[in-house]
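Following: one structure in structure tokens, then a few remarks.
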Amino acid sequence: MVDDAGMVPTMTLDAGEVTGHSGVNQFGGSYTWSSDGTFEFEDVTRTAVGGTEAQMAVEQKFFDALEAVRRYEVADTRLRLSDDEGGDLLIFDPKGPGDR
């Protein structure tokens, strides 16, 4: 997810805990997943750093997407997070923005 505001969210999943940066704020919480493809974030909190109106709007879309995640798939080293209907919400590439 890269947007017009130049924000590139990052996320690390490790043993049931999620941490990352939305482009403006740090965030953390927990997640559950199952081999049948189900996935859900829980108790996600974030720091309270402010940004421009455009940045904060993009950040809110990112957190709304995290809240809507119900399924996952890993393909071509990318993590695809989707809603119940299989609609793409977020796609994460293991490469950092400077690695492309």
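The values are calculated or read from the model by the stated rules, or taken from the named source; none is laboratory data. Computed from a prediction, not measured in an experiment: that's the story for all the values here. Methodologically, a virtual Cβ is constructed for each residue, glycine included, from the backbone with ideal geometry; neighbour enumeration extends over all protein chains shown. Only protein heavy atoms, including side chains, enter the accessible area calculation; ligands, DNA and RNA are left aside. Shrake-Rupley method; radii C 1.70, N 1.55, O 1.52, S 1.80 Å.
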Original post:
Of the residues in the range 75-88, how many are within 18 Å of Asp64 (Cβ to Cβ) and touching an Asp or Glu at 6+ places or on another chain (Cβ under 6 Å)?
Top reply: 2
Subject >> Cross-chain or 6+ apart pairs with Cβ under 7 Å, the range 53-76 first and part of a helix (DSSP H, G or I), then of a type in the set (Ser, Thr, Tyr) >> reply: Glu59/Ser22; Phe62/Ser22; Phe63/Ser22
Subject >> Filtered residues of the range 10-27 (kept if in a loop (DSSP other than H, G, I, E, B) and surrounded by 13 or more Cβ atoms within 10 Å (Cβ to Cβ)) >> reply: Ser22, Gly23, Val24, Asn25
Original post:
Are any of the residues in the range 28-35 open to solvent by less than 80 Å² (accessible area, probe 1.4 Å) and in a loop (DSSP other than H, G, I, E, B)?
Top reply: yes
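Okay, residues lined up against (1) in contact with a Gly (Cβ under 8 Å, 6 or more places away or on another chain); (2) under 17 Å from Asp93 (Cα atoms):
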site	(1), (2)
Glu17	yes, no
His21	no, yes
Gln26	yes, no
Glu40	no, no
Thr45	yes, no
Lys61	no, no
Arg71	yes, yes
Original post:
If you take the residues of the range 80-96 that are free of Cβ contacts under 8 Å to residues at least 40 places away in the same chain and not in a loop (DSSP other than H, G, I, E, B), which of them is most open to solvent (accessible area, probe 1.4 Å)?
Top reply: Asp88
**OP:** Identify all residues within the range 13-44 that are among the β-branched types (Val, Ile, Thr), under 22 Å from Asp83 (Cβ atoms) and either out of contact with any helix residue (DSSP H, G or I) (no Cβ under 8 Å at 6 or more places or on another chain) or touching a residue at least 60 places away in the same chain (Cβ under 8 Å) (or both); write none if there are none.
**Re:** Val18, Thr32, Thr38
**OP:** Filter the range 36-52 down to residues that are open to solvent by 80 Å² or more (accessible area, probe 1.4 Å) and part of a strand (DSSP E or B) and give me whichever is farthest from Gly6 (Cα to Cα).
**Re:** Asp43
